[in-house]
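Below is one structure, written out as structure tokens; comments come after it.
The values are calculated or read from the model by the stated rules, or taken from the named source; none is laboratory data. Since we're looking at a predicted model, the values are computed, not measured. Heads up, the Cβs are rebuilt from the backbone with ideal geometry, glycines too, and the neighbour counts pull from every protein chain shown. With ligands, DNA and RNA removed, areas are computed over all heavy atoms of the protein, side chains included. Shrake-Rupley method; radii C 1.70, N 1.55, O 1.52, S 1.80 Å.
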Amino acid sequence: MVNDLIIHNAGQLVTCASPGGPRRGAAMQDVGIIADGAVAIKNGVFTAVGTSAEILGKYKAAELIDAEGRAVVPGFVDPHTHIVYAGDRLNEFELKIKGAEYLDILAAGGGIISTVRNTRAASEEELIAAALGRLDKMLACGTTVCEIKTGYGLDTETELKMLRVIEALDKRHSIKIVPTFLAAHAVPPEFKDDPDGYVELICGEMLPRAWEWYSGSHFATEGTPFFADIFCERNAFDIGHAVRMFDAAASLGFRLKAHVDQFTNLGGSRLGVESNAISIDHLDAISDEEIALLAASGTVGVVIPTENFNGGKTQFAPARKMIDAGCAVALTTDYNPGSAPCPSQPMAMAIACRYQKLLPAEALNAATINAAHAIGLGEKHGSIMAGKRADLNILDSHDWRMLMYEFGGKLIAETLAEGRPAKRNKG
Ligand code: NIG
Ligand code: FE
């Protein structure tokens, strides 16, 4: 068999290979390095991974790339983003610098609700153009797979519009995208005094319409999962709402996710684990008892240090404690216009190392293989292994740990998605 491409002479080929599921506990300190490594690629998939001597001795390829001794790592997986929206929140940024609180801005009809107003007014084409620009920024930081949530529509038509935009983005961009339905992101102004009524609308109309859309989308055809998510928080949704939404979503076929413990512990982590959610995200206020439940479960804990950094906070989700307890921990940017306007997984890793005391290896596993498991793509993405989609970053360094050690600059020389130089128009 002649391969399309062989990349050889990678001083460190950092595979993050983890055949049995996400890495957890002490196994997160191992990133599976092959010294002087090489990969063979055909039809966008890794066909072989080994040392340069092994791969060049056994396989042929139409094209050879010499990595010149630099480090090669998997493409990053960003498991939690909100990048389909119109407008910005620059005014809110200044208000927060002057002392305003995120949840107070939301309660006053700003925050998420101000982005909802702009997103409802925007056309599908405008939303696609804006989100393509954000995907380009993520790609420039080495991300090759991401999840995108709805949640700036909060009415049936706009939420469906966001889903169509997400599908259009996946068809056009090199970044592989997974959709999440987040109608339960905030209580819309029309239901300000009747959150229960809004949850009824979500369960009775929005989730079934979203599932109908999914069934006819290319995501269903190719076997990409579809998630339902909820923001459990003061001034948003309570545990009773989450139970109702989870029941309705799971019975349609959705896999579950939840924003929990960002500011307040309402019991969302326990509910998420007991509901077999694929991930629970934020976790700043998670209790020790819930950490033990999470560690004993198949749910991935997604932590978001960019959100704390953006809020100027000194407290972070207890990711160190979670890893030591045996949880599968993943990292995300949460790229969104309010709580985390950040496209960069290397930035999330750099903060996690300093403030959450993750070792570089733990941060890299959290932003690759564990992140892929947090969005149901661990079988095909998130590590450099034969049979997986050929996504990788050739770094501008001989040591992969430079990714976390340096910050704020450009660390990636070249990104491949599906075995080709990654770019906006993948065709
Ligand atoms: O994950 N907390 C709720 N949702 C997002 C923020 C969205 C926004 O502020 O627009 C988050 O932090
Ligand atoms: Fe979020």
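At a glance:
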{"quantity": "Distance from segment 322-382 to segment 252-281 (C-alpha centre basis), Å", "calculated": "17 Å"}
{"quantity": "Two-site FRET efficiency, ALA100 against ARG120, from Cβ-Cβ distance with R₀ of 22 Å, rounded to 0.05", "calculated": "0.40"}
{"quantity": "Ranked order, TRP400, TRP211 - accessible area, probe 1.4 Å, largest first", "calculated": "TRP211, TRP400"}
{"quantity": "For the chain: relative contact order, % (alpha-carbon pairs under 8 angstrom, 6 or more apart)", "calculated": "23 percent"}
{"quantity": "Cα-Cα P(r), segment 242-328, percent of pairs per 10 Å interval", "calculated": "18, 51, 25, 5, 0"}
{"quantity": "Antiparallel DSSP beta bridges within the chain, percent to nearest 5", "calculated": "40 percent"}
{"quantity": "Alpha-carbon centroids, segment 148-180 and segment 1-49: separation in whole Å", "calculated": "31 Å"}
{"quantity": "13 Å Cα-Cα reach of LYS423 towards aspartates and glutamates, excluding residues that sit fewer than 8 places from it in its own chain", "calculated": "ASP136, ASP170, ASP391, GLU414"}
{"quantity": "Simple Cβ-charge dipole of segment 272-427, Lys/Arg +1 and Asp/Glu -1, about Cα centre, in debye nearest 20", "calculated": "600 debye"}
{"quantity": "Placed amide H near ALA367: partners under 5 Å, 5+ positions off or other chain", "calculated": "LEU331"}
{"quantity": "Listed residue pairs exceeding 27 Å between alpha carbons, taken from LYS98/LYS161; LYS96/LYS171; LYS161/LYS426; LYS42/LYS410; LYS357/LYS426", "calculated": "LYS98/LYS161; LYS96/LYS171; LYS42/LYS410; LYS357/LYS426"}
{"quantity": "Helix 239-252 axis, angle to the chain major axis (alpha carbon atoms, nearest 10°)", "calculated": "60 degrees"}
{"quantity": "Cα lying deepest toward the dipole's positive end in segment 1-71, options GLY57, THR15, VAL2, charges on Cβ", "calculated": "THR15"}
{"quantity": "Accessible-area composition of the chain, carbon plus sulfur, in percent [1.4 Å probe]", "calculated": "53 percent"}
{"quantity": "Listed residues LEU201, LEU132, VAL260: farthest to the positive end of the dipole of the chain (Cβ charges)", "calculated": "LEU132"}
{"quantity": "Only Lys, Arg (+1) and Asp, Glu (-1) charged, at Cβ; the chain dipole about Cα centre in debye", "calculated": "1020 debye"}
{"quantity": "Most mobile listed residue (THR115, THR144, THR264) in the chain, GNM with C-alpha springs under 10 Å", "calculated": "THR264"}
{"quantity": "Low-density loop cleavage sites - trypsin sites (Lys or Arg not before Pro) in segment 68-121, where at most 14 other Cβ are within 10 Å (DSSP)", "calculated": "LYS98"}
{"quantity": "Only Lys, Arg (+1) and Asp, Glu (-1) charged, at Cβ; segment 191-335 dipole about Cα centre in debye", "calculated": "320 debye"}
{"quantity": "Karplus 3J(HN,Hα) series, Hz, for segment 21-31 with 6.51 cos²θ - 1.76 cosθ + 1.60 (x for Gly, Pro)", "calculated": "x, x, 7, 9, x, 4, 5, 6, 7, 10, 10"}
{"quantity": "Stretch gain in nm, segment ALA292-ALA107, where the contour uses 0.36 nm per residue and the Cα spacing is subtracted", "calculated": "63.3 nm"}
{"quantity": "In degrees, nearest ten, helix 156-172 long axis to first principal axis of the chain (Cα)", "calculated": "10 degrees"}
{"quantity": "Expected 222 nm ellipticity per residue - DSSP helices of 4 or more, -39500 (n - 2.57), all of the chain, to 500", "calculated": "-10000 deg cm²/dmol"}
